[in-house]
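The structure appears below as structure tokens.
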């Protein structure tokens, strides 16, 4: 899988994965507290759309 395909995949909603793309712990907790995270359940795991995540980050900051 090349990096372009991987960038378009939904992100597993875990603090470690969000940290890898530069989201701090404080911002992570703000996002979770906002309860507006567009989470999608897939195979028992929570995923989040990258575009929706960055839109919400702009809103929360």
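The values are calculated or read from the model by the stated rules, or taken from the named source; none is laboratory data. Just so it is clear, the structure is predicted and the values come from calculations on it, not from any experiment. Using ideal geometry, Cβ is built from the backbone for each residue, glycine included, and neighbour counts are taken over all protein chains shown.
Quickly run through region 33-61 and pick out the residues that are in contact with a strand residue (DSSP E or B) (Cβ under 7 Å, 6 or more places away or on another chain) and assigned to a helix (DSSP H, G or I). Within region 33-61, 50, 53 qualify.
Has region 7-16 got any residue that is part of a helix (DSSP H, G or I), in contact (Cβ under 8 Å) with a residue 24 or more places away in the chain and either touching a strand residue (DSSP E or B) at 6+ places or on another chain (Cβ under 8 Å) or surrounded by 11 or more Cβ atoms within 10 Å (Cβ to Cβ) (or both)? No: region 7-16 contains no residue that is part of a helix (DSSP H, G or I), in contact (Cβ under 8 Å) with a residue 24 or more places away in the chain and either touching a strand residue (DSSP E or B) at 6+ places or on another chain (Cβ under 8 Å) or surrounded by 11 or more Cβ atoms within 10 Å (Cβ to Cβ) (or both).
Taking the stated definitions as given, is residue 30 more than 10 Å from the chain's Cα centre (by Cα), in a strand (DSSP E or B) and either surrounded by 12 or more Cβ atoms within 10 Å (Cβ to Cβ) or modelled with pLDDT of 80 or more (or both)? Criteria not met by residue 30. Residues of region 33-52 that are free of Cβ contacts under 8 Å to residues at least 12 places away in the same chain and surrounded by 13 or more Cβ atoms within 10 Å (Cβ to Cβ): none at all.
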